[in-house]
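See below for the structure under consideration.
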Amino acid sequence: MPCYHIWTIGCQMNKADSERIGSCLEQIGYQATTRAEEAEIIVLNSCVVRQSAENRVVNKLGALKSLKRGPQNPVLALTGCMVNCRVDGLRHRFPHVDLFFQPQAVEELGQFLAARGLASAPKPGSLLPLHPSPSTFVPIIEGCDNFCSYCIVPYRRGREKSRPIEDIVCEVRLLVERGTREITLLGQNVDSYGHDLPTRPDLARLLAELNQIDGLARIRFLTSHPKDMGERLIEAVAQLEKVCEHLSLPFQAGDDDILGAMRRGYSAEQYRALVKRIRDAIPGVALSTDVIVGFPGESKEQFDKTFDMLRELGFDTVHVACYSPRPGTIAARKLEDNVPFEEKRGRREKIEALQEAIAAEINRELLGQTLEILVEARKKGKWQGRTRTDKLVFFRDDGDHLGRLVKVKIEKTSPWALQGHLG
Ligand code: SAM
Ligand code: SF4
């Protein structure tokens with residue numbers, strides 16, 4: 001059987017797109033390989049959110065030139081945030097790439113292969129995996145309308161476009177029939193779901209409909225924008241038994257002038273109040289957040305406000321990034337990238353050290369507790385899964401637990417994961 005190889009970097013959205021590209025290729029006669037040199041088709045799924053990610057894509061494209069020139073001469077396709085609707089520039093820079101397609105147009109890959117006699121044409125609906133993982137991503141809204149000053153996503157992924165509620169419900173039913181127990185609804189700005197649809201459903205309504213699907217055990221969603229997280233959504237998370245107590249709510253900076261320059265649409269005080277409302281309504285909720293350090297003009301005092309806010313609010317997980325100017329964004333055009341890289345790195349490391357201590361303390365509280373885990377995989381003799389609050393848990397057992405909800409008594413904790421035994 002001919003092989004395909006997919007190389008992915010970036011966020012969960014990219015991972016979800018790669019899963020769908022893989023199932024499309026499998027259903028037209030290809031099988032996955034982890035070795036690019038064995039593949040007839042190589043797909044690179046790119047990220048350009050930071051310069052370092054873009055550099056890795058460019059290096060990978062360069063490294064694949066020799067394979068293209070070799071006897072295998074695989075089809076090379078590029079997708080992800082590097083590809084927008086105008087591909088002439090990319091064609092000129094990377095003439096050895098056969099196809100550029102936007103992630104929302106996966107069918108173009110199947111059509112390209114069919115036109116060259118390399119595969120049969122994909123059937124409608126063939127993007128859904130035949131054997132999905134117990135925990136599967138489901139994109140529900142593409143693009144972003146926010147234009148935060150530092151962010152390239154709206155320029156690459158376009159404006160917000162929600163999928164109709166009936167399509168999502170139908171897709172989730174099918175995934176559950178095929179073995180999925182948990183879904184994560186995805187969007188760059190998932191809590192603005194539905195505003196562009198004729199009947200204007202919202203995420204709370206979608207969650208309520210999905211909550212009724214028999215066989216589905218858990219529902220998550222990410223990423224939420226603080227300015228769009230309303231009371232109906234908080235109440236839905238609190239009330240609907242399948243919706244997990246786990247929210248991803250990036251705040252980006254703790255200083256109001258920096259938040260204003262980032263064009264985030266909320267103040268630090270409003271964010272604090274939102275976290276309080278969420279914690280009051282959803283006991284035991286786990287929160288993760290993103291922050292950027294070294295945004296143009298960020299002084300030591302302004303950075304300290306971000307640091308203090310992280311210490312005060314005590315998140316379960318923090319993703320911290322050094323500011324990276326992205327060509328074409330408002331910040332790159334109007335603001336000087338004037339925090340030296342060494343300083344940015346120092347600020348990032350300071351936050352990482354703080355977060356390690358906070359996560360260690362939060363996880364230590366779980367010692368001795370028996371928690372419900374959805375088992376997702378077995379690696380190196382250990383089963384692994386996640387709690388409703390998204391804690392990674394490992395345990396050893398000889399039984400077959402894949403896709404099952406099991407109880408695990410926690411006997412060891414670290415800032416990153418928990419270990420235990422079936423309880
Ligand atoms: N939509 C989400 C939000 O509102 O924050 C996040 C999506 S964004 C693609 C993922 C993360 O990448 C952001 O939370 C931010 O921390 C980081 N990011 C985006 N642009 C960046 C830039 N120019 N420099 C550094 N980090 C950046
Ligand atoms: Fe980027 Fe802001 Fe949209 Fe998130 S909300 S994807 S940070 S523009």
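The values are calculated or read from the model by the stated rules, or taken from the named source; none is laboratory data. Note that the coordinates shown come from a computational prediction; the quantities given were computed from them, not determined experimentally. So basically every Cβ, Gly included, is an ideal-geometry build from the backbone, and we count neighbours across all protein chains shown.
Among the residues making up segment 17-39, those that are crowded, with 17+ Cβ neighbours inside 10 Å, of a type outside the set (Phe, Trp, Tyr) and touching a residue at least 60 places away in the same chain (Cβ under 8 Å) are Asp17, Glu19, Arg20, Ile21, Gly22, Ser23, Cys24, Leu25, Glu26, Gln27, Ile28.
To keep it simple, each residue is scored yes or no on (1) touching a Lys or Arg at 6+ places or on another chain (Cβ under 6 Å); (2) of a type outside the set (Val, Ile, Thr); (3) closer than 30 Å to Ser224 by Cβ.
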{"position": "Met13", "(1), (2), (3)": "no, yes, yes"}
{"position": "Glu19", "(1), (2), (3)": "no, yes, yes"}
{"position": "Val48", "(1), (2), (3)": "no, no, yes"}
{"position": "Leu61", "(1), (2), (3)": "no, yes, no"}
{"position": "Lys68", "(1), (2), (3)": "no, yes, no"}
{"position": "Arg86", "(1), (2), (3)": "no, yes, no"}
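For segment 156-165, name all the residues that are away from ligand 2 (no atom under 16 Å from the Cβ), outside any helix (DSSP H, G or I) and buried (at least 18 other Cβ atoms within 10 Å of the Cβ). Scanning segment 156-165 gives a single hit, Arg163. Exactly one residue among Leu128, Leu197, Leu113 is over 18 Å from Glu19 (Cβ atoms) and either in a loop (DSSP other than H, G, I, E, B) or of a type in the set (Asp, Glu) (or both), and that residue is Leu197.
Quick one: is Thr329 among the hydroxyl-bearing types (Ser, Thr, Tyr), within 23 Å of the chain's Cα centre (by Cα), at pLDDT 95 or above and farther than 30 Å from Tyr150 by Cβ? So that I can check it myself, show each step before the final result.
Details: among the hydroxyl-bearing types (Ser, Thr, Tyr): yes; within 23 Å of the chain's Cα centre (by Cα): yes; at pLDDT 95 or above: yes; farther than 30 Å from Tyr150 by Cβ: no.
No.
Among all residues of segment 346-363, there is none that is part of a loop (DSSP other than H, G, I, E, B) and surrounded by fewer than 16 Cβ atoms within 10 Å (Cβ to Cβ). In segment 323-345, of all residues being assigned to a loop (DSSP other than H, G, I, E, B) and of a type in the set (A, V, I, L, M), the one that is surrounded by the most Cβ atoms within 10 Å (Cβ to Cβ) corresponds to Val339.
Please determine, by comparing only the residues of segment 308-322 that are within 15 Å of ligand 1 (Cβ to nearest atom) and of a type in the set (A, V, I, L, M), which one is surrounded by the fewest Cβ atoms within 10 Å (Cβ to Cβ). Steps first, please.
Step one: filter segment 308-322 for residues within 15 Å of ligand 1 (Cβ to nearest atom), giving 309-310, 315, 317-322.
Right, trim to of a type in the set (A, V, I, L, M) and you get 309-310, 318, 320-321.
Working: Met309: 20, Leu310: 21, Val318: 21, Val320: 19, Ala321: 17.
Out of the qualifying residues, it is Ala321.
The requirement of being within 16 Å of ligand 2 (Cβ to nearest atom), at pLDDT 95 or above, under 20 Å from Arg159 (Cβ atoms) and surrounded by 19 or more Cβ atoms within 10 Å (Cβ to Cβ) is satisfied by Ser192.
Of all residues in segment 374-402, those satisfying the criterion of being within 26 Å of the chain's Cα centre (by Cα), part of a loop (DSSP other than H, G, I, E, B) and over 23 Å from Val237 (Cα atoms) are Lys380, His401, Leu402. If you filter segment 150-167 down to residues that are in contact with a Pro (Cβ under 9 Å, 6 or more places away or on another chain) and in contact (Cβ under 8 Å) with a residue 40 or more places away in the chain, you find that the one that is farthest from His195 (Cα to Cα) is Tyr150. Candidates Arg218, Arg263: the one that is touching a residue at least 12 places away in the same chain (Cβ under 8 Å), basic (Lys, Arg) and surrounded by fewer than 19 Cβ atoms within 10 Å (Cβ to Cβ) is Arg263.
Conditions (1) assigned to a loop (DSSP other than H, G, I, E, B); (2) within 16 Å of ligand 2 (Cβ to nearest atom); (3) out of contact with any His (no Cβ under 6 Å at 6 or more places or on another chain), marked per residue:
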| residue | (1), (2), (3) |
| --- | --- |
| Cys148 | yes, yes, yes |
| Pro154 | no, yes, yes |
| Asp167 | no, no, yes |
| Cys170 | no, no, yes |
| Arg173 | no, no, yes |
| Val176 | no, no, yes |
| Thr180 | yes, no, yes |
